[in-house]
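The values are calculated or read from the model by the stated rules, or taken from the named source; none is laboratory data. Nothing here was measured: the structure is a model prediction, and the numbers come from that model. Here the Cβ positions follow ideal geometry from the backbone for every residue, glycine too, while neighbour counts run over all protein chains shown.
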Amino acid sequence: MRAVLLVVLLSVACGPQAHVYPSRIGRPELSCEPDTGACDVLDIHDVPFGREASATVVLHNAGYGVLHVDLDSNDERFAVTPGEALLDAHASRDLVVTYTPTDFDPAAAVLEVAHDGSGGVVSLDLHGTTDDDADDDGYRNEAAPEGDDCNDFNASVHPGAEETWYDGVDQDCSGGSDDDADGDGCDAITAGGDDCDDSDPDIHPGADDPKGDGIDQDCDGSDG
């Protein structure tokens, strides 16, 4: 009696739902459950750069023999855990398909579900896309082409944002020190630096210090 392998795709946000992929030993084939749309594609869309997202696929051996199933994706951005499964008759096994974007180009791969006994293969197309503005602040991730958002996971951090000094966060993505409010290249004394007045770019160690004006421009503790 021939064995049957079923691959059931669980619901995925923005993707197909509850599809069934049967393959009979000796005659692999694909089919769908009624009214579920295309049956041969798994979509994992809008994944933030540097993060990962996953979908669950269920393998089910609806036959009577033991199936040894090898799983392989031809794109390193997709991973399948576990990479192989041994299924007794009528047994099921969850597989996790993970997409980890390494760039901003759309990803396309093929997950091959191959079982011994006949060499039959069922192929599942994998599609992945990357979200280049994960925090929806209108600025693209700095790793993206023409992107300039230095923290795409915080909507209050982007070019042009109001800077809050001395909090350790570069809100405006200027790339400068968060402890140098006047931009003179010296950090404020209150932040562990040596600038005695971080509100005036003309006052810092090494600045010209005219004698007799009552101002300690060079922060040496005296005027002049």
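Could you check, for the stretch 177-187, whether at least one of its residues is closer than 30 Å to D220 by Cβ and exposed (fewer than 13 other Cβ atoms within 10 Å of the Cβ)? It would help to see each step written out before you state the result.
Narrowing the stretch 177-187 to residues closer than 30 Å to D220 by Cβ: 177-187.
If we keep only those that are exposed (fewer than 13 other Cβ atoms within 10 Å of the Cβ) as well, we get 183.
Yes: one or more hits.
Sort through R77, R93 and tell me the only one that's of a type in the set (K, R), modelled with pLDDT of 80 or more and assigned by TED's automatic domain parsing to the domain that holds V41.
Working: R93 fails: modelled with pLDDT of 80 or more.
Being of a type in the set (K, R), modelled with pLDDT of 80 or more and assigned by TED's automatic domain parsing to the domain that holds V41 holds for just one of R77, R93, which is R77.
Of everything in the stretch 189-199, what is among the small types (G, A, S) and either in a loop (DSSP other than H, G, I, E, B) or free of Cβ contacts under 8 Å to residues at least 12 places away in the same chain (or both)? Give them in sequence order.
Here is the first cut: in the stretch 189-199, the residues among the small types (G, A, S) are 191-193, 199.
Across the stretch 189-199, the qualifying residues are G192, G193, S199.
Is there a residue being free of Cβ contacts under 8 Å to residues at least 24 places away in the same chain and not in a loop (DSSP other than H, G, I, E, B) anywhere in the stretch 116-124?
no
Considering only the stretch 148-170, state which residues are of a type in the set (D, E, K, R) and buried (at least 19 other Cβ atoms within 10 Å of the Cβ). Show your work before the answer.
At the first step, the residues of the stretch 148-170 found to be of a type in the set (D, E, K, R) are 148-149, 152, 162-163, 167, 170.
Answer for the stretch 148-170, where residues must be of a type in the set (D, E, K, R) and buried (at least 19 other Cβ atoms within 10 Å of the Cβ): D149, D152.
Taking the condition modelled with pLDDT of 95 or more and either within 29 Å of T98 (Cα to Cα) or surrounded by 19 or more Cβ atoms within 10 Å (Cβ to Cβ) (or both), does C173 pass? Show your work before the answer.
Numbers: modelled with pLDDT of 95 or more: yes; either within 29 Å of T98 (Cα to Cα) or surrounded by 19 or more Cβ atoms within 10 Å (Cβ to Cβ) (or both): no.
In short, no.
Of the residues that make up the stretch 139-152, is at least one farther than 30 Å from A53 by Cα and modelled with pLDDT of 90 or more?
Taking the stretch 139-152 as the starting set, the residues that turn out to be farther than 30 Å from A53 by Cα are none.
Scanning the stretch 139-152 turns up no residue that is farther than 30 Å from A53 by Cα and modelled with pLDDT of 90 or more.
For every residue, the table says whether it meets (1) aliphatic (A, V, I, L, M); (2) outside the structural domain of P205 (by TED's automatic domain parsing); (3) within 27 Å of D218 (Cβ to Cβ).
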{"position": "G147", "(1), (2), (3)": "no, yes, no"}
{"position": "A155", "(1), (2), (3)": "yes, yes, no"}
{"position": "G160", "(1), (2), (3)": "no, yes, no"}
{"position": "D170", "(1), (2), (3)": "no, yes, no"}
{"position": "T190", "(1), (2), (3)": "no, no, yes"}
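Would the stretch 200-223 turn up any residue that is assigned to a loop (DSSP other than H, G, I, E, B), in contact with a Lys or Arg (Cβ under 7 Å, 6 or more places away or on another chain), not assigned by TED's automatic domain parsing to the domain that holds A161 and not polar (S, T, N, Q)? Give the derivation first.
First pass over the stretch 200-223, keeping only residues assigned to a loop (DSSP other than H, G, I, E, B): 200-223.
Of the ones still in play, those that are also in contact with a Lys or Arg (Cβ under 7 Å, 6 or more places away or on another chain) are 223.
Restricting the remaining residues to those that are not assigned by TED's automatic domain parsing to the domain that holds A161 gives 223.
When the remaining residues are screened for being not polar (S, T, N, Q), the result is 223.
Yes, the stretch 200-223 contains at least one residue that is assigned to a loop (DSSP other than H, G, I, E, B), in contact with a Lys or Arg (Cβ under 7 Å, 6 or more places away or on another chain), not assigned by TED's automatic domain parsing to the domain that holds A161 and not polar (S, T, N, Q).
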